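The values are calculated or read from the model by the stated rules, or taken from the named source; none is laboratory data. Note that the structure is predicted; figures quoted are calculated from it, not measured. Quick reminder, even Gly has a Cβ in these numbers, built from the backbone with ideal geometry, and neighbours come from all protein chains shown.
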Amino acid sequence: MALENQCVEDLAKLVDEIAATRKRIQELSDLLASLKPIKAKKEAEKADLEEFAALIREKLQEIEVSKVAKDAEWKEEAQEHDALTAIIERGKNIIVGALSASFLQTNSKTANPQVLAEVSAHFNNARKQHFKRKSYGAIFKVLAQMTNAAPVQVSQSVVEKIIAICDDLLDKIAESRAIEKADYDHWMGEY
């Protein structure tokens, strides 16, 4: 009988353990059922974030391509402005140098007609260069015409006007370059 009582007790314990296990299984099933929508939501968020990250990488790549293009554009603008400045300064320096030499030799401030012809040829050659803006060629054409016409009536006032125009153009080119640089710097600041 003692063995029978022991078996009954063991069976009762096993029945209790089975009931506790079934209860735990039900609790875990309920927990799992409540976590499945959260998991699905987190997976959807992860997919959205991965898609967003891919979009950001794509945009960053586009911005990087734009930066390379903007750098090249600025370099081209700077070179063009520098070339314009060099051409006009060279023409002005030829005239000023000739005036200085003329003053030292004859104590007169009139330019030799050959010097103005040289400046005219210089501006005509500059006009033939390829510039991004077509107006630069027109500017050199006008300067070439002015200096070409000047030898007919070489006077101090004509030469001074040509020099003043060169100075004004140099100022405008410097201003234009500063504007282009500010635009580039602004773009780079946003980059």
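Details
- Of everything listed in (1) of a type in the set (S, T, N, Q); (2) at pLDDT below 90; (3) assigned to a helix (DSSP H, G or I), the single unmet condition for Gln79 is (2).
- Subset of the stretch 104-119 (residues that are at pLDDT 80 or above and of a type outside the set (A, V, I, L, M)): Glu118
- Within the stretch 123-172, if we keep just the residues that are basic (Lys, Arg) and in a helix (DSSP H, G or I), the residue that is modelled with the highest pLDDT turns out to be Lys172.
- A single entry from Ala40, Ala86 fulfils the requirement of being under 20 Å from Ile179 (Cα atoms), surrounded by 10 or more Cβ atoms within 10 Å (Cβ to Cβ) and free of Cβ contacts under 8 Å to residues at least 24 places away in the same chain: Ala86.
Here's the yes/no breakdown for (1) more than 22 Å from Glu160 (Cβ to Cβ); (2) small (Gly, Ala, Ser); (3) at pLDDT 90 or above:
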residue	(1), (2), (3)
Lys46	yes, no, yes
Glu51	yes, no, yes
Lys67	yes, no, yes
Ile95	no, no, no
Ser102	no, yes, no
Ala121	no, yes, no
